[in-house]
1. Can you find even one residue in the stretch 27-39 that is surrounded by fewer than 10 Cβ atoms within 10 Å (Cβ to Cβ) and under 24 Å from the mean Cα position of the chain (by Cα)?
2. Provide a single number: the residues in the stretch 64-78 that are in a helix (DSSP H, G or I) and either loosely packed, with under 10 Cβ neighbours inside 10 Å or touching a helix residue (DSSP H, G or I) at 6+ places or on another chain (Cβ under 6 Å) (or both).
3. Any idea which of (1) part of a helix (DSSP H, G or I); (2) at pLDDT below 95 is the one residue 36 doesn't satisfy?
4. Can you pull out the residues in the stretch 5-19 that are exposed (fewer than 12 other Cβ atoms within 10 Å of the Cβ) and either in contact (Cβ under 8 Å) with a residue 12 or more places away in the chain or under 15 Å from residue 39 (Cα atoms) (or both)?
């Protein structure tokens, strides 16, 4: 849910930024006056896969630690 929501909000922000160009750059520093936006579906898919993979990897160590606990000993002192 979080990855899907983040992708949808990110896509909408990119569409709005591409259409309305509300981020202006100083022309005395840069050659362009607004921030260019290029939306690549492959990049969005890569971000989604990386986000889900990182969330999965973050669950491995705590679940491994929890699997080593004896449930009776843990519940006895709660």
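The values are calculated or read from the model by the stated rules, or taken from the named source; none is laboratory data. Quick caveat, the model's predicted, so the values are computed rather than measured. Every residue, glycine among them, receives a Cβ derived from its backbone with ideal geometry; neighbour counts consider all protein chains shown.
1. yes
2. Within the stretch 64-78, the subset in a helix (DSSP H, G or I) is 64-67, 71-76.
Still in the list and also either loosely packed, with under 10 Cβ neighbours inside 10 Å or touching a helix residue (DSSP H, G or I) at 6+ places or on another chain (Cβ under 6 Å) (or both): 64-65, 67, 71-73, 75-76.
Residues that pass the stated criteria total 8.
3. Result: residue 36 passes all but (1).
4. 8, 9, 12, 13, 19
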